[in-house]
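A short worksheet on the structure shown next.
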Amino acid sequence: MNNVEMDKDLYTDNYSVQNKKSLWLRIWQHRLYYLFMLPGIIWFVVFAYIPMYGLTVAFKDFSFVGGITGSEWSGLKYFKEFFNFYQAWDIIRNTLIISLMKLVIGFPMPIILALLLNEVKVLKFKKTVQTISYLPHFISWIVVVTILQRMLTPYGGPINEIIASLGFSKIQFLGNLDYFYQIIILSDIWKAAGFGAIIYLAAISGVDQQLYESAKMDGANRFRQVWHITLPAIRPVMVIMFLLACGGIMTVGYEQLLLLNTPATASIGTVLDVHVIQSGLEQGRISYATAVGLFQSIIGVILIIIANSISKKVNETSLW
Amino acid sequence: MRKKWSWFSIFNYTLLAVFAFSTLYPFIYILAYSLSDGAEAMKHPIYFLPRGFTFENYIQIFQDSTFLNAYVITVSRTVIGTSLHVFLSALFAYALTKKDLPGRSFFTFFIFIPSIFSGGMIPNFILFRELGLINNFWVYVFPFLFSFFHIIIIRTFFDQLPKSLEESAQIDGASNFRIFMSIILPLSRPVLATIALFQGVFHWNDWFTGAYFVTDEALRPVQTLLNELLTESEALANAAQRSSQSGTTVSSGLINVTPESLRMATLIIATLPIICIYPFLQKYFVKGVMVGSIKG
């Protein structure tokens, strides 16, 4: 999408009357706008590009005395350290399992919600459900986890009180290996599905209503209309959202896992992000944590490039 | 005309009603708990209504200097961080709408790259340390001044404004900066409100910066405080629960306040401002999300 825009710029640049003036004159005429951009340019250099350069500490023995430039090179030492770490493959496996479950179960939820909302003809009901559904998006993970803990606690939490009043024994949901993944997936859906449906509802509302009319004439029922008209119409949006989700496979949502993962669930709940934060920010193993983070983001970029090129061939829809 | 209620409609409306209820119920429950007598709430389960209705939890919190200080930090970072973010992003976006600006596509590309590949958590930490931002209020503001997606959303909105407005102002002799301030910005209220909401919510909800880049307790925002209460409380509340009416309850007259009931009240105060604001900006942010995902 960016390429198209840049081509357009070149086009207008070449053919505009402005181009007849010298480049320096044009730059001088636009000096105010460069001043407008100046804070942004400085910010992107400092807060975006310098940290990129900072990734070189993954290949160095970082010390705060030496800084990024002054520390000694150490080659691939810290990458080796990670892959020799006896839990490394568990961490990678945990990351992939949680990501894939979120993708397979979580990804269709906003689409289903949008399709169901689209069938609602009572507008007041539709608006109310939509407004409520956005709510969890605006709430922090801290609040979500506090709520979860209060709702699920065996000590007076409403869920366990209901379980107990039905004659079953109370369940310790949090910090329990048997319920960990379910809680991760469900709380993720609870938080994201409503807001995620916005984009699909917008795509659905753009579908030509005449298509439905003629389908009705042909005797297609609601399900067939959805299957043959709505879903194909929103397919490009679905593909784009799916590609973006694929790019995030290596990042699982560190806030959620940092908060819900306890020592009791560490064997299945420690993911790459959490490992980076724990080893880097909590234990101060700067170079090691940077190496793990770099490994993570390189795999992430590779995954999104693969997904994009497959999609280009199969769907003719792509991110770039 | 009589409405026909098919089986599917009944199923659909029921399902969506259950969905909406499950989204809303936790907040009703927490609100009820926060309005309850703490000791009562521990002895009997709460479902919808408070037990031993009282505002005592809220009164206690608003007398607690730790909480008040955290609230001041949260409000200041939200106000300062959001207004700077919106204004500076709008400035940048406005420059990008000038089609004949030399290097325009370069600058677009320059801000686009970090949105696909970034240094990540640890290099950021090193940078913050070098800049002296650790244990500094500005660590809540500076790292979040710009975002590629927000600049693009604003630029897209600016592009839709009629060019004739700017041209006629130019003829009247208004300077470009005045055009931006007194014509462009006022006309762009919908998009600026959207970005302000997104960024404001981020600032309000961010607990991570306070937990990992700040150790000074005086600089702790509310969400980080909630995080500490979360880790402390599990043990504390459960222990109190087991020994029923134990010494952890603070008696003030006839009303009992527990760490758990205080925490629930803190949670309500920490979320209420957002819950009150977002429904009114719905129309705008729905548009913002669409532009953001199409352009992104």
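Readers should treat all values here as calculations from the given coordinates under stated rules, not as data from a laboratory. Just so it is clear, the structure is predicted and the values come from calculations on it, not from any experiment. Ideal geometry is used to build each Cβ from the backbone, glycine not excepted, and the neighbour counts take in all protein chains shown.
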Notebook entry, point to check: Under the definition of Cα pairs under 8 Å and six or more residues apart, what whole-number percent is the relative contact order of the stretch A:77-314?
Noted result: 29
Note to self: At a 10 Å Cβ-Cβ cut-off, how would you order A:VAL57, B:VAL75, fewest neighbours first?
What the structure shows: B:VAL75, A:VAL57
Next item on the list: Rank by packing, highest mean first: peptides B:167-174, B:78-85, with packing defined as the count of other Cβ atoms within 10 Å averaged across residues.
Entry: B:78-85, B:167-174
Note to self: Which one, B:PRO102, B:PRO45, B:PRO259, has the greatest fluctuation when you compute a Gaussian network model over chain B with C-alpha springs under 10 angstrom?
What the structure shows: B:PRO102
Check: What is the spread of the Cα atoms of the stretch A:189-320 along each of their three principal axes, largest first, in whole Å?
Finding: 68, 33, 21
Checklist line | Student exercise, the stretch B:62-151 dipole from Lys, Arg, Asp, Glu Cβ charges, in Debye to nearest 20 | finding: 280
Check: Over 28 Å between Cα atoms, which of A:LYS124/A:LYS191; A:LYS313/B:LYS99; A:LYS191/A:LYS216; A:LYS170/A:LYS191; A:LYS312/B:LYS163 qualify?
Finding: A:LYS313/B:LYS99; A:LYS191/A:LYS216; A:LYS312/B:LYS163
Check: Which Cα, out of A:LEU257, A:ILE199, A:PHE79, lies furthest along the positive dipole direction of chain A (beta carbon charges, K/R +1, D/E -1)?
Finding: A:ILE199
Check: At q = 0.09 Å⁻¹, what base-10 log of I(q)/I(0) does the Debye formula yield for chain B when every alpha carbon is treated as an equal point scatterer in vacuo?
Finding: -0.65
Margin query: Below 8 Å, C-alpha to C-alpha, sequence gap of six or more: please give me the relative contact order for chain B in percent.
Written below: 30
Margin query: Give me the mean projected area, in nm² to one decimal, of the convex hull enclosing the Cα positions of the stretch A:77-314.
Written below: 17.3
Notebook entry, point to check: Residue by residue, what Karplus-based ³J(HN,Hα) values in Hz, rounded to whole numbers, does the stretch A:154-159 have, using 6.51, -1.76 and 1.60 with θ = phi - 60° and x for Gly and Pro?
Noted result: x, 9, x, x, x, 5
Next item on the list: Rank these for me by crowding, A:LEU96, B:LEU272, going from fewest to most other beta carbons within 10 Å.
Entry: B:LEU272, A:LEU96
Next item on the list: Highest first, please rank the peptides A:184-196, A:34-46, A:216-228 by the mean number of other Cβ atoms sitting within 10 Å of their residues.
Entry: A:184-196, A:34-46, A:216-228
Checklist line | Given chain B, longest segment not containing exposed loop trypsin sites (Lys or Arg not before Pro) (DSSP; at most 11 other Cβ within 10 Å) | finding: B:5-296
Check: Of A:SER267, A:SER214, A:SER297, which is the most mobile in a GNM of chain A whose springs link Cα atoms less than 10 angstrom apart?
Finding: A:SER214
Next item on the list: Pairs of Cα atoms under 8 Å, at least six residues apart: use those to get the relative contact order of the stretch A:57-177, whole percent.
Entry: 10
Margin query: For the protein assembly as shown, what are Rg and Dmax over the alpha carbons, in angstrom?
Written below: 26.6, 85
Notebook entry, point to check: What's the FRET efficiency of B:PHE202 with B:SER182 using the Cβ-Cβ distance as r and R₀ = 25 Å, to the nearest 0.05?
Noted result: 0.30
Checklist line | Candidates per GluC sites (Glu not before Pro) in the stretch A:217-320, loop by DSSP, up to 12 other Cβ within 10 Å | finding: A:GLU316
